[in-house]
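The values are calculated or read from the model by the stated rules, or taken from the named source; none is laboratory data. Here the structure is a predicted model, which means the values were calculated and not measured. Ideal geometry is used to build each Cβ from the backbone, glycine not excepted, and the neighbour counts take in all protein chains shown.
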Amino acid sequence: MSSLPAVDDICWLIGPETGELLDRLDSGAGSLVPAARQLQRYHSPERVRLLLEQHELRRKAIDKFPDAGRMFFLPRTLEQATDIHVARYKAKRFPAEERVADLCCGIGGDSIALAERGPITAVDRDQATILLAEANLRILAGARSRNRVHEFLAEDVLQLSVASYAAWHLDPDRRAGGRRTTQLACYVPGPETIERLLVERKEGAVKLAPATELPQSWQQEAELEWIGRDRQCRQQVAWFGTLARSPGLRRATVLRTRPHEPPLVATFAAEAGVRPGVADQVGRFVLEPDAAVLAAGLDGALAERHGLAALHPGVPYFTGDTRIDDSMLACFEVTDVLPFDRRRLRSLFRERGVGKLEIKTRGIEERPEAVRRDLRLRGDGSAVLLLARLGRRVTAIVARRVT
């Protein structure tokens, strides 16, 4: 694990001197090699490395932050940062115009969104990181946010009291040992600190990896929400106190981003473990739940809500004869149903000139790329091939993607 940059180097990085240097690198004018050689004539190797790294991180961050070209990052903090779309969705749960503590704030993904709602106190134990968070908020803050008094503290959350805040948000380090973990006991800060924070102020939110399992007592009093954006489950959040809209339930939320507009939001809360009926044949449509729905264990509840049946017990492919327009479900219109036979499929796709094929599998051992090689596809046509069990046999479902 690489060490964090020195504080004086970070102060230089976010200062006025580097603006033109970064703009020149980010503009893409020419190769980075001569640019690096030029920089080495005037700056230390560490500062040149910081500039070049910043150029690369801004490029990587564009998916999370549309304004990444004006922001500052560190590799580890970018990986864990909440993207701005998810952060703004989460921030709506927090009380407006009341001070909220953002603990283990990193480079400020959640802080930026919370500051649009009210005054914040951003806390991180690393001085270099808190400087980046402050710079990012200053750069991106809207007029209302700039008029609020925000605080940035380089402190250890272990020593901090949240009793005086209206609510708090915590993003524990999930790579404290150098490797990513989903085990709550390995988070820093860990369960003991979270319990203390909840005693001091019940209104709290803990950001977690989607696969993290929580103690049963937490599951009963909190609302657990899995948030997805653009077909990927981004994070799990445990909401406590009055921030929990449906205590004891699970929630799946799906965001669909749009250029220059707020994302479309679909959300669904229910109990996990619902088992819908099993189909004896494939209907007109096959539907696949979003990754956030699957992570939340709400695929059965969502299928039951729409009157869908499972193709096979425990496999999250569902079928029905009515088109379902729900952004939490990918919908495929079925054109052919046949036993999984490579020769028959190869012949069918050759007849239809299918060269572009999306292959999806659930609950079987076949690997999509191996199937693709065997089919030897050619042509300009496109289709979707779904492979799943129907009864005891593997069935091939040829379809077109509707949503």
Is it fair to say GLY355 is on the phi > 0 side of the Ramachandran plot and either in a strand (DSSP E or B) or at pLDDT 95 or above (or both)?
no
Tally time: how many residues in segment 219-253 are in a helix (DSSP H, G or I) and over 22 Å from the mean Cα position of the chain (by Cα)?
4
Test of understanding: among LEU153, LEU78, LEU132, which residue is closer than 21 Å to GLY228 by Cβ, in contact (Cβ under 8 Å) with a residue 24 or more places away in the chain, not in a loop (DSSP other than H, G, I, E, B) and not small (Gly, Ala, Ser)?
LEU78
May I ask you to list pairs of residues, at least six apart or on different chains, whose Cβ atoms are under 8 Å apart, with the first in segment 261-275 being of a type in the set (Phe, Trp, Tyr) and the second being part of a loop (DSSP other than H, G, I, E, B)?
PHE268/LEU298; PHE268/MET328
Condition broken by ALA29, with the remaining ones in (1) at pLDDT 85 or above; (2) part of a loop (DSSP other than H, G, I, E, B); (3) of a type outside the set (Val, Ile, Thr); (4) not assigned by TED's automatic domain parsing to the domain that holds ALA222 satisfied
(1)
What are the pairs with Cβ atoms under 8 angstrom where one residue, in segment 378-403, is on the phi > 0 side of the Ramachandran plot and the other, located anywhere, is part of a strand (DSSP E or B) and of a type outside the set (S, T, N, Q)? Sequence gap at least six, or different chains.
GLY379/VAL354; GLY379/GLY355; GLY391/HIS312
Run down LEU387, LEU338 and say which single residue is under 23 Å from ALA309 (Cβ atoms), surrounded by fewer than 14 Cβ atoms within 10 Å (Cβ to Cβ) and touching a Ser or Thr at 6+ places or on another chain (Cβ under 8 Å).
LEU338
Which residues, counting only those in segment 265-283, are farther than 30 Å from LEU338 by Cβ and in contact with a strand residue (DSSP E or B) (Cβ under 9 Å, 6 or more places away or on another chain)?
VAL265, ALA266, THR267, PHE268, ALA269, ALA270, GLU271, ALA272
In the set ARG175, ARG179, which member is within 24 Å of GLN236 (Cα to Cα), touching a helix residue (DSSP H, G or I) at 6+ places or on another chain (Cβ under 7 Å), in a loop (DSSP other than H, G, I, E, B) and modelled with pLDDT under 95?
ARG175
What is the one condition in (1) over 25 Å from the mean Cα position of the chain (by Cα); (2) in a loop (DSSP other than H, G, I, E, B); (3) not charged (D, E, K, R) that LEU158 does not satisfy?
(2)
From the list THR253, THR242, THR212, pick out the single residue that is surrounded by 22 or more Cβ atoms within 10 Å (Cβ to Cβ) and at pLDDT 95 or above.
THR253
Given the condition part of a strand (DSSP E or B), more than 19 Å from the chain's Cα centre (by Cα) and at pLDDT 95 or above, answer yes or no: does some residue in segment 267-276 qualify?
yes
